Amino acid sequence: MTARTTAAPRIAVLGGGIGGLATAAFLRREGLDSTVYEQAPRLAEVGAGLVVAPNAARQLRRLGVLDAFRDRAVRLDTGWEFRRWQDGTVLSSENLADSCERLYGEQTYTAHRADLLAALQSRVPAGSVRLGHECVGLDTAGEAYTLRFADGSTAGADVVIGADGVHSVVRDTLFGAAPATYSGLCAFRALVPAPSAPEFARRPAQTLWIGPDHHLVHYPVSGGDLVNLVAFAPAGAYTTESWTATATVEEFLAEFAGWDPRLTGLIRAAGTPGRWALLDRDPLTHWSEGGVTLLGDAAHPMFPFFAQGAAQAIEDAAVLAGCLARGLDDPAAALRRYEGLRVPRTTRLQTVSHGRAHVNHLPDGTEQRARDTAYAQEDPLLANGWIYEYDPEAELDRMAAAR
């Protein structure tokens with residue numbers, strides 16, 4: 001950690017999820033203390049699996065937690081294994097084992113969200129996390145900010161970081177409550193115990209089954225003990241945007257009726273699926289006002305079709321901490337620099353993620369056949385190099401040189 005002689009601001013981080021804990025961890029790496037306020041009574045990441053691509057793995061290494069994370073993560077040998085919905089024909093696949101580290105210096109992993117959260121939490125002092133603190137308001141008048149909590153308590157801060165998710169209180173305070181638009185899509189998620197899953201789903205591979213109006217992704221997590229499923233389908237009238245909402249296995253199966261029996265057999269082995277609506281939000285052009293800013297889903301919620309939601313929150317955390325550490329004399333200016341570095345990249349990812357749904361969900365026909373041919377000829381590891389080669393420290397160095 002870097003020693004500091006300038007008096008540090010009081011930094012409040014709202015949200016104890018991946019983005020909030022990553023922020024606290026990177027701030028601590030820079031020698032800055034923070035307090036994380038989390039509404040839940042304990043730190044536990046809901047949901048199931050996620051992909052940790054090289055750009056995120058690079059930051060876990062910087063925090064010194066990658067080795068511990070890998071104890072429960074699964075290193076992928078194969079990625080972007082696209083399969084045809086009807087019979088499982090492999091349309092394309094990428095050999096990550098041979099290429100990923102050579103190109104980007106890190107491997108790609110899949111993991112349960114709770115295992116990533118635990119790795120980040122290991123770099124945050126327990127005393128700096130305040131559980132059971134649901135923020136219901138933020139007062140921005142005066143030289144310092146006041147956080148108001150549901151239990152009637154308050155806390156003061158000089159810098160407030162809203163890592164409080166898609167329903168962010170901080171975002172609503174800064175920019176007003178902007179209702180999301182209806183995307184017409186919903187997602188299902190589920191976990192299957194490995195002994196109940198077929199061999200093809202237990203492999204260290206990220207597999208995407210694509211078909212008319214639907215697609216489903218599966219990969220192993222939790223050291224291979226579980227297989228994570230996440231699927232996308234027309235939402236109908238369903239508009240609930242919550243990680244705790246559930247469906248039934250029968251509802252999940254009904255969406256994939258007529259698909260390859262191996263896939264429907266995998267769904268049938270799942271426990272109670274989660275279900276949530278994918279609501280659409282336009283990218284924000286700026287995230288900060290004075291000493292208050294946004295991070296992760298609070299700033300740039302994106303469709304999960306490039307598996308970059310958690311990774312972008314971790315990148316945000318690294319850049320924000322670096323900007324603050326280099327600009328303690330003027331935190332508001334530091335937050336503007338953070339925003340300036342991050343908005344173009346996250347807006348681009350929001351845009352490309354949005355467009356992927358149409359491509360994956362084409363009905364059988366001329367467009368679908370052209371897509372399948374393009375997938376067979378594409379090298380997604382190279383094509384998405386702009387995502388995986390990104391290095392926050394290089395961005396910060398370029399910013400410093402420009403100043």
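Read-outs throughout are calculated quantities, based only on the coordinates presented, and are distinct from any laboratory measurement. Just so it is clear, the structure is predicted and the values come from calculations on it, not from any experiment. Cβ coordinates were reconstructed from backbone atoms using ideal geometry, including for glycine residues, and neighbour counts include every protein chain displayed.
Evaluate E = 1/(1 + (r/R0)^6) for ALA144 and HIS358, where r is the Cβ-Cβ distance and R0 equals 45 Å; express this FRET efficiency to the nearest 0.05. For ALA144 and HIS358, the calculated efficiency is 0.45. On full extension, the segment bounded by ALA245 and THR272 gains 8.7 nm, given 0.36 nm per residue less the C-alpha separation.
Over all distinct Cα pairs, what is the inverse of the mean 1/r for the chain, reported as the Kirkwood hydrodynamic radius in Å? Its Kirkwood hydrodynamic radius stands at 21.8 Å. Convex hull volume per residue, computed on the Cα atoms of the stretch 148-187, equals 108 Å³. Equivalent-ellipsoid semi-axes for the stretch 187-306 (Cα gyration tensor, √(5λ), whole Å, largest first): 30, 17, 13. Per residue of the chain, the DSSP helices (runs of n ≥ 4 H) give a summed -39500 (n - 2.57) that works out to -11000 deg cm²/dmol at 222 nm.
Give me the extension gain from ARG75 to GLU393: residue separation times 0.36 nm, minus the current Cα-Cα distance, reported in nm with one decimal.
Taking ARG75 through GLU393 to full extension adds about 112.0 nm, to one decimal.
Counting every Cα pair in the stretch 102-230, what percent are over 25 Å apart?
54
A simple spin-label model places the labels of GLU134 and ALA374 4.5 nm from each other, with each point 7 Å out along Cα-to-Cβ. For the stretch 1-152, the Kirkwood hydrodynamic radius comes to 17.8 Å, computed from all pairs of different C-alpha atoms. Springs join every pair of Cα atoms under 10 Å in this Gaussian network model of the chain, and among ALA318, ALA298, ALA194 the largest mean-square fluctuation is at ALA194. Remark: the chain carries a charge dipole of roughly 500 debye about the Cα centre, counting +1 on each Lys and Arg Cβ and -1 on each Asp and Glu Cβ.
GluC sites (Glu not before Pro), restricted to the stretch 80-135: which are DSSP loop and have at most 11 other Cβ atoms within 10 Å? Mind showing how you got there, number by number?
Numbers: sites: GLU81, GLU94, GLU101, GLU106, GLU134; in loops: GLU106, GLU134.
Within the stretch 80-135, no GluC sites (Glu not before Pro) qualify (loop, at most 11 other Cβ atoms within 10 Å).
Take LEU91, LEU191 and order them by how many other Cβ atoms sit within 10 Å, fewest up front. Display every interim value, and only then the final one.
Values: LEU91 17, LEU191 23.
Listing LEU91, LEU191 from fewest to most nearby Cβ atoms yields LEU91, LEU191.
For the chain, modelled as a GNM whose springs connect Cα atoms under 10 angstrom apart, the maximal fluctuation among VAL90, VAL124, VAL230 occurs at VAL90.
Short to long, the 5 Å bins of the Cα pair-distance histogram for the stretch 187-253 hold 4, 15, 25, 24, 18, 10, 4, 0 percent of all pairs.
Near GLY137: Cβ cut-off under 14 Å, other residues only, Lys/Arg at +1 and Asp/Glu at -1. The net charge is -3. Rg and Dmax, both from the Cα atoms of the stretch 266-366 and both in Å, are 17.5, 60. With R₀ fixed at 45 Å, the C-beta to C-beta distance from ASN95 to VAL166 puts the FRET efficiency at about 0.80. Here the spin labels are modelled as points 7 Å beyond Cα on the Cα-Cβ line, and at LEU253 and ALA402 they lie 5.5 nm apart. Each Cα pair under 8 Å and six or more residues apart adds its separation to the average, and for the chain the resulting relative contact order is 21 percent. Which ordering of MET302, MET399 is given by a fewest-first count of other beta-carbon atoms within 10 Å? So the ranking, lowest neighbour count to highest, is MET399, MET302.
When a footprinting reagent is the concern and you count Cβ atoms within 10 Å, what order do HIS300, HIS358, HIS218 take, fewest first? Please list the in-between numbers first.
On the way: HIS300 23, HIS358 9, HIS218 28.
Ascending number of Cβ neighbours within 10 Å: HIS358, HIS300, HIS218.
Computed with the Debye formula from one identical point scatterer per Cα of the stretch 53-137, without solvent, the log10 of I(q)/I(0) at q = 0.12, 0.17, 0.20 Å⁻¹ comes to -0.52, -0.80, -0.95.
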